[in-house]
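S.K.: Submitted below is the structure of interest, expressed as C-alpha cells.
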Amino acid sequence: MSLGYAEKLSYREDVGTVGMSEIFDPPDALQQKIEQLAMMIHKSKHLVVFTGAGISTSCGIPDFRGPKGIWTLQREGKGVPEASLPFDRAMPSITHVALVELEKAGILKFVISQNVDSLHLRSGIPREKLAELHGNSFMEICPKCRAEYLRDFEVETIGLKETSRRCSDVNCGAKLKDTVLDWEDALPPKEMNAAERHCRMADIVLCLGTSLQITPACNLPLKCLRLGGKIVIVNLQQTPKDNKASLVIRGLVDKVIAGVMHYLNLRIPPHVRVDLFEIIFTQFHRTSEKKYAKWTLKVGSVHGERAQVPFIKSIEVSFPGRPKLKEAVLHQQPFVLKRHHWTILTKTRIL
C-alpha cells in the first residue's frame, strides 16, 4: 500500500489484529503444497485471485499488519515506515507478472485486489478483469460520465474527494474525484458486483498476501463455497478464514507463485513497462457522381474509450503525397480528428 495513502486515512483506533508473528512452512512441506496448488490450478476452470498488501512488499511497499507493517509500527508509536523507493517508481513483483501470464494463458479469469498501488494495471492485467475494491491511488474518475483517468502520478487526495482537474470530455467537464476509499466509504458497487459474480463462479479463489480481516471484502472468497469451490490461502500470518480453506500455505508469495509457474511450465518474463494505446480508424464511403470518404481517427487507451493516455502529449497527423491536405496536431484528449476527402492516405506520428 502507499505510504501517502496510509498517512491520509482518517484515524481509526480499531484496525484489527496487527503484529502477528510470521509462520514459515518447512521446506519439504512448502514444496509439497506448491505442487498441490499447481495441480489444483491446472484442473481449474474458473480461477479467481484475491490479493492484499503482501504481494507488494517485495516491490518496496510495506504491508499493514506484518511485524514491520504500517499499522503495527503506528500502534507501537513509531510512525509510518519508510518505503525503499518512491511509490510511483515501484515495479510489479514476480507475482504480479505471473498473474498476467496466467491470464494470457486463459487460466486466470479475474483478479480482486484490496491494494491501491496500481501494480496490477501496471503489470498488464486487463481493466475489465480487475476489481480494485479500495480504489487506485493513480486513478481519477468523473462522477458524471464515469470516465476513468489513469495517471502516472499519485493523486493528491483520498476519500472520493474532488481533485484539481476536470473531465476532458468537451460534453462533460465535471470535476474529477479520486477513487481511493477512506474508512467510512462504501465499496464501489461496480467493482463489488463484478467481484461477487466471479467469486460465485469460481472453483478456486486463491488469496495471496492478505490477512482477510477487512470487511466486507474479506468475505468475498467465501462466496465460492456454496457451489463447491475451494479457497487457497498463501499468507505468512494466520487469517480468520484459514479454517475455511482447502489449502493454507505459509511461504513468501513470490516463491510460492514462482514454484507454481514452474510446475505449470509457464515462464515468468522480466517486467518491462509497456504503455499501450489503440488507434481506431472509421471510414465511410459515399458514391455519387464523385467519390469521397468521410473518416474519423481516434487514439485512445486500451483501458476504455473514455480513459486517458497519460504518456502521450500530442499527435501529429499528416498526408504524405497529398500536399493539399491540411496536416493536424492534436493537443487535447480525447484525441479525435474528423475529415472527409476524395481519397485517403494518412500518416500518424505519436509524441
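The values are calculated or read from the model by the stated rules, or taken from the named source; none is laboratory data. Note that this is a predicted model, so its numbers are computed, not measured. Positions of Cβ are generated from backbone atoms using ideal geometry, with glycine treated the same way; all protein chains shown enter the neighbour counts. Remember, those area values only see protein heavy atoms, side chains included, never the ligands or the DNA or RNA. Shrake-Rupley method; radii C 1.70, N 1.55, O 1.52, S 1.80 Å.
S.K.: Checking Gly77 against (1) modelled with pLDDT under 65; (2) over 22 Å from the mean Cα position of the chain (by Cα); (3) under 29 Å from Ala245 (Cα atoms); (4) open to solvent by 30 Å² or more (accessible area, probe 1.4 Å), which test does it fail?
M.R.: Tallying (1) modelled with pLDDT under 65; (2) over 22 Å from the mean Cα position of the chain (by Cα); (3) under 29 Å from Ala245 (Cα atoms); (4) open to solvent by 30 Å² or more (accessible area, probe 1.4 Å), Gly77 fails exactly one: (3).
S.K.: Something else: I'm trying to understand the selection: among the residues of the stretch 145-196, which are modelled with pLDDT of 95 or more and touching a Gly at 6+ places or on another chain (Cβ under 6 Å)?
M.R.: Thr179
S.K.: If I filter the stretch 311-344 down to residues being farther than 30 Å from Arg122 by Cα and open to solvent by 100 Å² or more (accessible area, probe 1.4 Å), which single residue comes out as modelled with the lowest pLDDT?
M.R.: The selected residue is Trp342.
S.K.: Still on this structure, I have one more. Mind counting the residues in the stretch 85-109 that are under 11 Å from the mean Cα position of the chain (by Cα) and either outside any helix (DSSP H, G or I) or basic (Lys, Arg) (or both)?
M.R.: 1
S.K.: One residue is enough: does the stretch 214-222 have a residue meeting the conditions touching a residue at least 24 places away in the same chain (Cβ under 8 Å), outside any helix (DSSP H, G or I), closer than 24 Å to Phe311 by Cβ and not aromatic (Phe, Trp, Tyr)?
M.R.: Within the stretch 214-222, not a single residue is touching a residue at least 24 places away in the same chain (Cβ under 8 Å), outside any helix (DSSP H, G or I), closer than 24 Å to Phe311 by Cβ and not aromatic (Phe, Trp, Tyr).
S.K.: Pairs, please: C-beta under 6 Å, at least 6 apart or cross-chain, first residue open to solvent by 10 Å² or more (accessible area, probe 1.4 Å) and in the stretch 114-137, second aliphatic (A, V, I, L, M)?
M.R.: Pairs found: Gln114/Leu133; Gln114/Ala217; Ser123/Val97; Ser123/Val100; Gly124/Val100; His134/Val116; His134/Leu181.
S.K.: Which pairs have Cβ atoms under 8 Å, sit 6 or more apart or on different chains, and link a residue in the stretch 238-249 that is open to solvent by 30 Å² or more (accessible area, probe 1.4 Å) to one that is hydroxyl-bearing (Ser, Thr, Tyr) and assigned to a strand (DSSP E or B)?
M.R.: That search, which allows pairs on different chains as well, returns nothing.
S.K.: Another one. Taking Ala174 as meeting all but one of (1) free of Cβ contacts under 8 Å to residues at least 60 places away in the same chain; (2) closer than 20 Å to Ile112 by Cα, write down the number of the exception.
M.R.: (2)
S.K.: Continuing with the same structure: Would you confirm whether or not the stretch 263-279 contains a residue that is loosely packed, with under 13 Cβ neighbours inside 10 Å, aromatic (Phe, Trp, Tyr) and at pLDDT below 95?
M.R.: Looking through the stretch 263-279, none of the residues is loosely packed, with under 13 Cβ neighbours inside 10 Å, aromatic (Phe, Trp, Tyr) and at pLDDT below 95.
S.K.: Filter the stretch 167-193 down to the residues that are surrounded by 17 or more Cβ atoms within 10 Å (Cβ to Cβ) and in a helix (DSSP H, G or I), then identify the one that is farthest from the chain's Cα centre (by Cα).
M.R.: Step by step, filter the stretch 167-193, then rank; the result is Met192.
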